[in-house]
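A short write-up of the structure that comes next.
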Amino acid sequence: MKLDSTPQKPLLLVADDDSLILFTLVEGLTEAGFDVLQARDGLSALELCKSVRPNLALLDIRMPGLNGLELAERLKAETTVPFLFFSAFGDENYVKQAVAAGAYGYLLKPLSVAAIVPTIRTVLARTQEDAHRQARQDQFDAALESNRLIATAAGIIMREIGLTQEDAFEHLRAKARRERVKLNDLAQKIVTQGELSCRS
């Protein structure tokens with residue numbers, strides 16, 4: 001049986017209450033190689049983000065139900081969907097609010113699909129990098145929290161050798177591999193003997 005190796009298209013959500021702009025963006029982005037969902041108000045956009053979880057949401061600032069900034073706050077609180085804004089308003093205050101909301105970008109109308117596609121692809125790459133970085137951090141945090149002894153040993157290494165938390169944990173794991181001992185056993189040794197056992 002041959003598996004389908006075709007790369008999955010990025011899924012975008014476009015939210016705008018202007019039917020013409022919405023149609024133009026959806027058609028243009030679909031032709032550019034994206035799968036595209038659409039919403040005509042903030043509440044519909046929120047529900048789609050919660051149920052379908054697109055790779056990126058493009059939000060108009062002014063929409064009924066929830067405006068773009070209110071929607072952004074809900075997305076941050078209730079989903080992991082990244083977003084950027086587009087608007088006819090280039091007012092500095094809007095831009096500052098967009099940045100404060102955690103937006104990956106702020107595009108000004110009128111929008112040319114050909115002009116915004118590179119921005120969208122760049123943002124998608126950034127969101128993927130951020131997601132990988134967060135996943136690594138989450139794994140690291142979970143590993144530390146799952147074993148107080150290992151966390152304590154890592155803290156000793158941080159203090160005695162001057163490493164960051166993540167580097168201290170990597171130092172501990174590498175040392176355990178070199179000495180062919182269990183991580184917990186090595187951590188116990190470091191906690192018991194302190195500085196003498198963590199430098200080598």
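Every number here is computed from the coordinates shown, using simple stated rules; none is lab data. Worth saying up front: this structure is predicted, and the values here are computed from it rather than measured. Using ideal geometry, Cβ is built from the backbone for each residue, glycine included, and neighbour counts are taken over all protein chains shown.
The table for this structure:
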| quantity | calculated |
| --- | --- |
| Whole-Å semi-axes of the ellipsoid equivalent to segment 26-80 (Cα gyration tensor, √5λ, descending) | 19, 13, 9 |
| Per residue Cα convex hull volume in Å³ - calculated over the chain | 183 Å³ |
| Straight-distance crosslink candidates among lysines, where the alpha carbon sits under 28 Å from Lys109 and sequence neighbours closer than 8 are dropped | Lys9, Lys50, Lys76, Lys96 |
| Amide H within-cut-off set for Tyr106, under 5 Å, with H built and near neighbours excluded | Phe85 |
| Kyte-Doolittle at least -0.5, axis length at least 30 Å by Cα - qualifying DSSP helices, the chain | 113-146 |
| Two-site label geometry, Thr164 and Ala100: point separation in nm, points 7 Å out along Cα→Cβ | 2.9 nm |
| Average Cα contact separation per residue, segment 32-100, under 8 Å, 6 or more apart, as relative contact order % | 32 percent |
| Highest-fluctuation residue, Ile116, Ile150, Ile161 considered, GNM on the chain with Cα pairs under 10 Å | Ile161 |
| Residues of type lysines that Lys175 reaches as a straight line, Cα spacing below 30 Å, ignoring anything fewer than 8 places off in the same chain | Lys189 |
| Amide H partners (placed H, <5 Å) of Ala57, local residues excluded | Leu13, Phe83, Leu84 |
| Solvent-free Debye scattering, log10 I(q)/I(0), computed from the Cα coordinates of segment 147-198 at q = 0.13 Å⁻¹ | -0.22 |
| Sparse-neighbour loop sites [trypsin sites (Lys or Arg not before Pro); segment 89-150; at most 15 other C-beta within 10 Å; DSSP] | none |
